[in-house]
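Please read the structure below before turning to the comments.
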There are 2 protein chains.
Amino acid sequence: MRLSRFFLPILKENPKEAEIVSHRLMLRSAMVRQQSAGIYSWLPLGKRVLDKVCKIVREEQNRAGAIELLMPTLQSAELWQESGRYDDYGKEMLRIKDRQDRAMLYGPTNEEMITDIFRSYIKSYKHLPLNLYHIQLKFRDEIRPRFGTMRSREFLMKDAYSFDLTKEGAIHSYNKMFAAYLRTFSRLGLRAIPMRADTGPIGGNHSHEFIILAETGESEVFCHKDFVNFDIPGDNTDFDDVPALQAIFDKWTSAYAATSEMHDAAEFDAIPEGDRLSARGIEVGHIFYFGTKYSEPMGAKVLGPDGKEHTVHMGSYGIGPTRLVPAIIEASHDENGIIWPRSVAPFDAMIINMKSGDAACDEASLRIYESLANAGKDILLDDTDERAGSKFATADLIGVPDQIIVGPRSVASGEVELKDRKTGERQTLTIEAAINKLIG
Amino acid sequence: MRLSRFFLPILKENPKEAEIVSHRLMLRSAMVRQQSAGIYSWLPLGKRVLDKVCKIVREEQNRAGAIELLMPTLQSAELWQESGRYDDYGKEMLRIKDRQDRAMLYGPTNEEMITDIFRSYIKSYKHLPLNLYHIQLKFRDEIRPRFGTMRSREFLMKDAYSFDLTKEGAIHSYNKMFAAYLRTFSRLGLRAIPMRADTGPIGGNHSHEFIILAETGESEVFCHKDFVNFDIPGDNTDFDDVPALQAIFDKWTSAYAATSEMHDAAEFDAIPEGDRLSARGIEVGHIFYFGTKYSEPMGAKVLGPDGKEHTVHMGSYGIGPTRLVPAIIEASHDENGIIWPRSVAPFDAMIINMKSGDAACDEASLRIYESLANAGKDILLDDTDERAGSKFATADLIGVPDQIIVGPRSVASGEVELKDRKTGERQTLTIEAAINKLIG
């Protein structure tokens with residue numbers, strides 16, 4: 001992509017409304033724009049990152065055996081009256097009347113609808129276990145939306161729902177998502193710690209929040225510092241292997257970890273002082289096992305191998321991609337801007353043509369651009385006529401991992417400069433060597 | 001994907017509510033499920049097709065230089081008061097009050113919001129031309145939603161918006177989308193004919209609908225039969241080449257084509273009788289040039305090269321992926337089910353294990369499955385214990401292009417049968433030959 005043809009309206013000044021660094025950097029780098037309170041557009045740079053986050057979330061859901069569908073954003077009130085949550089949910093639920101005066105709502109979550117889908121089609125245990133997920137917009141009418149897309153009203157959520165014949169089966173389904181989440185966050189460059197959690201309005205009796213540590217986190221969390229070194233389940237993880245998945249769960253819940261709501265000071269104080277970690281945390285995922293809380297009132301039953309009807313055991317598993325993007329920034333930035341993990345960077349590399357219009361610089365920039373693009377890399381070429389200083393600032397701000405600096409002096413000797421955004425290291429290489437290095 | 005682990009709850013009987021064949025087939029093959037009037041879930045099989053359609057739409061938008069972003073579904077009423085459409089839009093607009101009693105709406109289209117984004121950031125002609133698009137849910141509260149996702153209330157739309165300094169520039173932007181649409185529909189296996197169109201509530205003075213011919217089309221259309229043979233712009237189309245794009249537009253508007261609203265019987269009758277085509281049509285795309293209709297009241301201006309302020313010229317360009325899926329089915333099916341064009345098929349091929357549990361059949365099925373999957377093919381393996389007749393019916397119903405039939409007799413001699421869903425042709429091949437043929 002040539003910057004002259006892209007839409008990247010960088011803000012030169014810090015927006016006043018931004019209270020935390022991710023919000024400030026997302027506005028300055030034109031990743032998002034607020035359209036109404038807590039409602040955002042994802043501008044082209046932000047959309048690219050959001051897509052990469054969703055892709056990783058999706059790959060790990062699929063790997064764990066979950067099946068993707070897409071439920072609508074608007075739901076009928078009747079479904080929620082069946083589960084009893086229509087009245088419970090309160091003002092966070094956006095209630096809508098359509099032209100026929102039917103009571104609708106903008107889904108804040110989908111337990112009811114997925115249970116309705118399940119009961120309409122599945123009548124036998126033979127089709128279990130089943131885990132269905134979608135990545136869809138949700139709306140929660142927060143009284144005080146803030147921190148940009150970290151706590152917005154319209155937001156994207158991956159929500160998966162598992163169905164099993166027995167509690168034991170449901171625990172294995174839970175463990176699959178537990179392992180999938182560890183892998184997902186790791187691939188996003190985050191170290192997330194699962195913590196015992198309150199189940200809130202979803203309900204249920206077995207639940208973990210996945211928390212990343214960041215200074216600007218909304219809540220205080222407490223854990224054993226061993227978590228920093230626990231192994232992430234590998235590519236070869238067999239999600240059908242019940243004991244192996246249980247072992248992953250057991251390992252990752254073997255040390256103390258709790259949010260302030262669930263904190264037990266006595267238990268925490270029993271940890272040797274040097275091993276205690278007390279920090280701010282950001283919730284990036286939440287998983288629940290809630291048994292028959294929805295299947296019972298909504299009549300989601302299957303015939304078992306014993307020929308009798310059984311109410312299915314369910315769980316739900318959420319990750320918010322529109323929250324993950326700022327969470328990654330909170331965990332990875334410096335005073336000059338964002339430092340993207342390679343897995344979610346909006347571009348793999350950025351070519352900075354320091355002197356657009358200069359024939360040698362233009363030619364070298366284009367040559368590098370085409371070589372890398374042909375090798376399947378996603379490249380941003382700054383071919384604008386901004387001054388060099390401003391180009392460097394933009395490159396640092398948007399945080400693309402590799403910068404290739406093409407200046408008239410180095411190009412005259414067939415060389416360019418390579419800068420690593422994360423370490424700041426620079427090296428001068430021939431154009432060929434630079435291309436080869438970036439193709440890897 | 002193994003069918004035993006997929007979610008494909010085929011309906012054995014024809015659903016009574018379905019009036020047209022695509023609706024019937026989409027319900028029977030469990031592609032979609034109605035959740036409320038005109039509001040659908042896309043079940044896993046349908047989601048796969050929808051994703052492939054969106055991917056092609058996206059690739060052709062990108063090729064034509066449009067830049068993707070993502071605007072939210074909910075909009076503030078204020079924006080629509082600025083353009084004057086808040087009152088005009090009528091009951092099709094779903095109006096919402098949030099908890100703070102602010103007037104919101106579920107976007108039926110995004111001209112106002114994109115104009116607002118544009119005016120907030122772009123101040124100079126140097127950033128033009130610009131074309132921004134998103135693929136996002138829309139809601140139009142139709143009084144009578146029908147025909148499944150062909151005319152639903154919540155639906156997915158790709159809407160692009162172009163911004164140019166001059167009318168001439170805007171016409172080129174229009175021609176780019178015109179050519180991109182021809183390519184898009186062609187890749188989807190459709191022959192779409194651009195027809196002069198009424199501009200409706202979007203407004204403006206230059207507009208074409210893209211219509212595919214299908215017996216169950218909603219409206220009557222009239223055109224010269226030459227359209228069936230016009231060339232589709234090739235992969236090497238240069239979207240920056242103004243005369244070349246104009247030539248494509250001129251060619252594709254050189255013969256008579258009109259919907260019933262715009263029909264001129266005298267002009268049509270002037271065509272030799274054997275060259276007249278009068279048929280039912282389905283609208284699958286709609287493009288508009290509307291000049292300064294939104295930029296003027298909303299103040300979207302840039303400084304021109306003359307140092308003066310100019311109100312930008314705009315166009316908008318819509319395609320509905322959730323409508324394209326049934327449109328493709330209307331154009332491609334037989335009495336046994338759907339016949340997917342390869343480009344959007346939910347799977348490339350389906351392996352039918354006629355005798356699951358038989359060691360030789362299981363082994364051969366798995367071997368083919370793994371060979372094709374390793375070659376990057378998307379394969380559905382029917383490993384269920386349904387009887388063979390039911391498996392064949394399911395395979396024909398869901399319309400995957402290639403069927404590989406693994407039966408005990410043929411497997412004993414190292415062979416399988418290959419069936420082409422479209423032609424019905426069958427051939428017996430060795431397992432190796434079948435694999436090689438499908439890898440291509």
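Of all the criteria given as (1) open to solvent by 30 Å² or more (accessible area, probe 1.4 Å); (2) in contact (Cβ under 8 Å) with a residue 60 or more places away in the chain; (3) within 9 Å of chain A (Cβ to nearest Cβ), the one not satisfied by B:Tyr121 is (2). Of the residues examined, B:Lys419 is one that is farther than 26 Å from B:Cys54 by Cα, crowded, with 18+ Cβ neighbours inside 10 Å and touching a Lys or Arg at 6+ places or on another chain (Cβ under 8 Å). Exactly one residue out of A:Leu105, A:Leu50 is within 11 Å of chain B (Cβ to nearest Cβ), surrounded by fewer than 20 Cβ atoms within 10 Å (Cβ to Cβ) and in contact (Cβ under 8 Å) with a residue 24 or more places away in the chain, and it is A:Leu105. Considering every residue within segment B:280-301, establish whether at least one is part of a strand (DSSP E or B), in contact (Cβ under 8 Å) with a residue 24 or more places away in the chain, of a type in the set (Lys, Arg) and more than 29 Å from B:Ser173 (Cα to Cα). Yes: segment B:280-301 contains one or more residues that are part of a strand (DSSP E or B), in contact (Cβ under 8 Å) with a residue 24 or more places away in the chain, of a type in the set (Lys, Arg) and more than 29 Å from B:Ser173 (Cα to Cα).
Quick one: is B:Glu78 among the acidic types (Asp, Glu), more than 27 Å from B:Gly189 (Cβ to Cβ), in a helix (DSSP H, G or I) and open to solvent by 20 Å² or more (accessible area, probe 1.4 Å)?
yes
Among the conditions (1) in contact (Cβ under 8 Å) with a residue 12 or more places away in the chain; (2) part of a helix (DSSP H, G or I), the only one that B:Glu363 does not satisfy is (1). Residues in segment B:55-70 that are away from chain A (no Cβ under 11 Å) and open to solvent by less than 20 Å² (accessible area, probe 1.4 Å): B:Ile56, B:Val57, B:Glu60, B:Gln61, B:Ala64. For segment B:89-125, the set of residues classified as under 22 Å from A:Phe139 (Cβ atoms) and assigned to a loop (DSSP other than H, G, I, E, B) consists of B:Tyr89, B:Met93, B:Asp98, B:Arg99, B:Gln100, B:Asp101, B:Arg102, B:Gly107, B:Pro108, B:Thr109, B:Asn110, listed by residue number. Screening segment B:188-277 for strands (runs of 3 or more DSSP E) wholly inside it with 1 or more residues that are among the aliphatic types (A, V, I, L, M), closer than 21 Å to B:Ser343 by Cβ and open to solvent by less than 80 Å² (accessible area, probe 1.4 Å) returns the ranges B:192-196, B:206-213.
Residue-by-condition table, conditions (1) assigned to a loop (DSSP other than H, G, I, E, B); (2) open to solvent by 30 Å² or more (accessible area, probe 1.4 Å); (3) touching a helix residue (DSSP H, G or I) at 6+ places or on another chain (Cβ under 6 Å):
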residue: A:Val400; (1), (2), (3): yes, no, no
residue: A:Thr423; (1), (2), (3): yes, yes, no
residue: A:Leu429; (1), (2), (3): no, yes, no
residue: A:Glu432; (1), (2), (3): no, yes, no
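Yes/no matrix, rows are residues, columns are (1) at pLDDT below 90; (2) under 22 Å from B:Thr149 (Cα atoms):
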position: B:Gly203; (1), (2): yes, no
position: B:His206; (1), (2): yes, no
position: B:Phe210; (1), (2): no, yes
position: B:Val228; (1), (2): yes, no
position: B:Asn236; (1), (2): no, no
position: B:Lys251; (1), (2): no, no
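Between A:Pro9, A:Pro15, A:Pro44, the distinction of being within 7 Å of chain B (Cβ to nearest Cβ) and open to solvent by 10 Å² or more (accessible area, probe 1.4 Å) belongs to A:Pro9 only. If the condition is being outside any strand (DSSP E or B) and either within 13 Å of chain B (Cβ to nearest Cβ) or open to solvent by less than 10 Å² (accessible area, probe 1.4 Å) (or both), then segment A:126-149 contributes A:Lys126, A:His127, A:Leu128, A:Pro129, A:Arg140, A:Asp141, A:Glu142, A:Ile143, A:Arg144, A:Pro145, A:Gly148, A:Thr149.
The values are calculated or read from the model by the stated rules, or taken from the named source; none is laboratory data. What you are looking at is a predicted structure, and each value in this text was computed from that prediction instead of being measured. Note: ideal-geometry Cβ built from the backbone for every residue, glycine included; neighbour counts use all protein chains shown. The protein model used for the area step is the full one, side chains on, heavy atoms only, and it has no ligands, DNA or RNA in it. Shrake-Rupley method; radii C 1.70, N 1.55, O 1.52, S 1.80 Å.
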